[in-house]
Amino acid sequence: MERTFLQKCAAVMKQEAVSCIALACALISMVFVPPNADYVSYIDFRVLALLFCLMAVVAGLQDCGVFAVLAQKLLSGRRRMRFISLVLVLLPFFTSMLITNDVALITFVPFTLLVLGLVGRMERAVYLVALQTVAANLGSMATPVGNPQNLYLYSAFQIPAGDFFAATLPLTLVSLIGLAAAALCVRPEGLEVRFPERQRLRKPRQLGMMGLLFALCLLSVFHALHYAVLLAVILFCLILFARRLLARVDYGLLFTFVCFFIFAGNIGNIPAVKALLSDLMAANGFLTALGASQLISNVPAAVLLSGFTADWRGLLLGTDVGGLGTLIASLASLISFRLYLRSEGAKPLRYLGVFTLVNIVGLAVLIGVSFLFIL
């Protein structure tokens, strides 16, 4: 009994490692700043509400088969391997701009492994999944809803939409060019792609409802609709018409945000730590955010450092570009790694080597572009 309980705890900790780390950080910070009424002010309820709404709506769109149908239509039939490679890399790049980087990888990494298995090219899986991971992390930086740290920083600093896109689009364009070139670096051979089962759009009424709700989410992100109204509308629609989607929301991510809000708020009330982080952000917010992302992941880095700077541009780009690098720099990278490990004949060490090389090259290019043209 005891062993079984410990095994279950270990499995939960492994699956929700970042949430457990966030909880530990919050609890440790409480030693220095005991719980008080100020804790409520630490939490950004707008960000939590928007994250919940976006995750629920995207789960609804997935449930209708939207992304599977799109991918099959692009790849079915006689295709060149270079075209297949390009499509597989650019699908997560563009879709992550709207459905977040982690959802894009959850959707398209298994699809990529299926396609490569069908055409007998599983040896390409390591390279293509590594590229897809980079593509999702970089495509998601283009919009406020592309990843959690963008949504948080866009809300916390009340960044004007024009200023946000002016900062992120140059790096997005450079990333697109680099990823397209890397995706085309495969043998130019012709292949026939035939899927065992044709995907079709399902639940047309739900699809229409989710399309409308997603539009409302975007209105709320850009401050045209109050988040409380959006939350009420989405909860009403889900409870009435699609209650099962409530179980597909990533509550672990919401819990992680709450813990890091508490941790960051408490850190801000410790004078010595506050002075250190403020000095680092004042010296170079971009490099500080990038470095912190390599150690604690870019979402926690954005939450932690946001209270010590007014340089939203350096923090935004530092955490977005900082999603490249180590395997833990972006939570999405861990998702694709786990999905690849489930494939037949997976080679984890080779994957980590290729992943690291691709990330280092991308990181070097984007750091250079950032300093030359944006910062």
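For residues in the stretch 333-354 being more than 27 Å from L171 (Cα to Cα) and part of a helix (DSSP H, G or I), which is most open to solvent (accessible area, probe 1.4 Å)?
Looking only at the stretch 333-354, we keep the residues that are more than 27 Å from L171 (Cα to Cα), and these are 338-350.
Within this subset, residues satisfying the condition of being part of a helix (DSSP H, G or I) are 338-341, 348-350.
Working: R338: 109, L339: 26, Y340: 9, L341: 75, P348: 56, L349: 145, R350: 118 Å².
Top of the filtered list is L349.
For residues that are under 17 Å from L48 (Cβ atoms), at pLDDT 90 or above and within 23 Å of the chain's Cα centre (by Cα), scanning just the stretch 217-247, find the one that is surrounded by the fewest Cβ atoms within 10 Å (Cβ to Cβ).
Restricting attention to the stretch 217-247, the residues satisfying the condition of being under 17 Å from L48 (Cβ atoms) are 217, 220-221, 223, 225-235, 238, 246.
Next cut, at pLDDT 90 or above only: 217, 220, 225-235, 238, 246.
Keeping just the survivors that are within 23 Å of the chain's Cα centre (by Cα) gives 217, 220, 227, 230-231, 234, 246.
Numbers: C217: 23, S220: 23, Y227: 20, L230: 22, L231: 19, I234: 23, L246: 14.
Among those that are under 17 Å from L48 (Cβ atoms), at pLDDT 90 or above and within 23 Å of the chain's Cα centre (by Cα), it is L246.
Would you be able to say whether some residue in the stretch 104-118 is within 23 Å of L245 (Cβ to Cβ) and not in a helix (DSSP H, G or I)?
No, the stretch 104-118 contains no residue that is within 23 Å of L245 (Cβ to Cβ) and not in a helix (DSSP H, G or I).
Search the stretch 288-304 for residues being among the hydroxyl-bearing types (S, T, Y) and open to solvent by less than 10 Å² (accessible area, probe 1.4 Å), and hand back the single one that is modelled with the lowest pLDDT.
Kept after step one, since they are among the hydroxyl-bearing types (S, T, Y), are these residues of the stretch 288-304: 288, 293, 297.
Cutting the leftovers down to open to solvent by less than 10 Å² (accessible area, probe 1.4 Å) gives us 293, 297.
Details: S293: 91, S297: 83.
Residue satisfying both the conditions and the ranking: S297.
Looking at this structure, is R124 touching a residue at least 60 places away in the same chain (Cβ under 8 Å), in contact with an Asp or Glu (Cβ under 7 Å, 6 or more places away or on another chain) and basic (K, R)? It would help to see each step written out before you state the result.
Numbers: touching a residue at least 60 places away in the same chain (Cβ under 8 Å): yes; in contact with an Asp or Glu (Cβ under 7 Å, 6 or more places away or on another chain): no; basic (K, R): yes.
For R124, the condition - touching a residue at least 60 places away in the same chain (Cβ under 8 Å), in contact with an Asp or Glu (Cβ under 7 Å, 6 or more places away or on another chain) and basic (K, R) - is not met.
How about the stretch 355-375: which of its residues are open to solvent by 30 Å² or more (accessible area, probe 1.4 Å) and either more than 30 Å from A167 (Cβ to Cβ) or aromatic (F, W, Y) (or both)?
Correct list: F371, F373.
When the stretch 181-201 is examined, which residues are found to be among the hydrophobic types (A, V, I, L, M, F, W, C) and closer than 26 Å to Q62 by Cβ?
First, the residues of the stretch 181-201 that are among the hydrophobic types (A, V, I, L, M, F, W, C): 181-186, 191, 193, 195, 201.
A183, V193, F195, L201, listed by residue number.
Out of G268, G285, which single residue is open to solvent by less than 30 Å² (accessible area, probe 1.4 Å), in contact with a Lys or Arg (Cβ under 6 Å, 6 or more places away or on another chain), modelled with pLDDT under 95 and not charged (D, E, K, R)? Explain how you work it out, then say what you get.
On the way: G285 fails: in contact with a Lys or Arg (Cβ under 6 Å, 6 or more places away or on another chain).
Going through G268, G285 in turn, just one is open to solvent by less than 30 Å² (accessible area, probe 1.4 Å), in contact with a Lys or Arg (Cβ under 6 Å, 6 or more places away or on another chain), modelled with pLDDT under 95 and not charged (D, E, K, R): G268.
Of all residues in the stretch 154-197, how many are polar (S, T, N, Q), assigned to a helix (DSSP H, G or I) and open to solvent by 50 Å² or more (accessible area, probe 1.4 Å)?
Of the residues in that region, 0 qualify.
Kindly indicate the residue of the stretch 138-153 that is open to solvent by 10 Å² or more (accessible area, probe 1.4 Å) and assigned to a helix (DSSP H, G or I) and also farthest from L88 (Cα to Cα) among those meeting that condition.
Across the stretch 138-153, the extreme among qualifying residues is Y152.
Looking at the stretch 114-130, can you tell me whether even one residue there is under 17 Å from the mean Cα position of the chain (by Cα) and modelled with pLDDT of 95 or more? Walk me through how you get there before you give the answer.
Keep residues of the stretch 114-130 that are under 17 Å from the mean Cα position of the chain (by Cα), which gives 129-130.
Adding the requirement that they be modelled with pLDDT of 95 or more leaves 129-130.
The answer is yes; a qualifying residue exists.
Note down all Cβ pairs under 7 Å where the first residue falls in the stretch 95-106 and is under 8 Å from A136 (Cα atoms) and at pLDDT below 85, the second is surrounded by fewer than 24 Cβ atoms within 10 Å (Cβ to Cβ) and among the polar types (S, T, N, Q), and they're at least six residues apart or on different chains.
Cβ pairs passing all conditions: none.
What residue, among those in the stretch 57-83 that are open to solvent by less than 30 Å² (accessible area, probe 1.4 Å) and not in a helix (DSSP H, G or I), is farthest from V221 (Cα to Cα)? Spell out the reasoning first.
Of all residues in the stretch 57-83, those open to solvent by less than 30 Å² (accessible area, probe 1.4 Å) come to 57-61, 63-65, 67, 69, 71-72, 75, 77, 81.
Filter once more, so that each one left must be not in a helix (DSSP H, G or I): 64-65, 77.
Numbers: C64: 24, G65: 25, G77: 39 Å.
Of everything passing the filter in the stretch 57-83, G77 is farthest from V221 (Cα to Cα).
So which of L304, L280 ends up being assigned to a helix (DSSP H, G or I) and farther than 19 Å from A24 by Cβ?
Working: L304 fails: farther than 19 Å from A24 by Cβ.
Being assigned to a helix (DSSP H, G or I) and farther than 19 Å from A24 by Cβ holds for just one of L304, L280, which is L280.
All but one of (1) open to solvent by 20 Å² or more (accessible area, probe 1.4 Å); (2) of a type outside the set (G, A, S); (3) over 22 Å from the mean Cα position of the chain (by Cα) hold for L254; which doesn't?
(3)
Restricting attention to the stretch 260-279, does a residue exist that is under 20 Å from the mean Cα position of the chain (by Cα) and hydrophobic (A, V, I, L, M, F, W, C)?
As a first pass, look at the stretch 260-279 and keep what is under 20 Å from the mean Cα position of the chain (by Cα): 260-261.
Among the residues that remain, those that are also hydrophobic (A, V, I, L, M, F, W, C) are: 260-261.
The answer is yes, given that some residue of the stretch 260-279 is under 20 Å from the mean Cα position of the chain (by Cα) and hydrophobic (A, V, I, L, M, F, W, C).
Taking L201 as meeting all but one of (1) hydrophobic (A, V, I, L, M, F, W, C); (2) surrounded by 15 or more Cβ atoms within 10 Å (Cβ to Cβ); (3) not in a helix (DSSP H, G or I), write down the number of the exception.
(2)
Looking at the structure I just gave you, is L86 open to solvent by 60 Å² or more (accessible area, probe 1.4 Å), in contact with a helix residue (DSSP H, G or I) (Cβ under 9 Å, 6 or more places away or on another chain) and modelled with pLDDT of 90 or more?
On the way: open to solvent by 60 Å² or more (accessible area, probe 1.4 Å): no; in contact with a helix residue (DSSP H, G or I) (Cβ under 9 Å, 6 or more places away or on another chain): yes; modelled with pLDDT of 90 or more: yes.
So L86 does not fit the description; no.
The values are calculated or read from the model by the stated rules, or taken from the named source; none is laboratory data. Values in this document were obtained by computation on a predicted structure and should not be read as measured data. Using ideal geometry, Cβ is built from the backbone for each residue, glycine included, and neighbour counts are taken over all protein chains shown. Please note that ligands, DNA and RNA were not included when accessible areas were found on the heavy atoms of the full protein model with its side chains. Shrake-Rupley method; radii C 1.70, N 1.55, O 1.52, S 1.80 Å.
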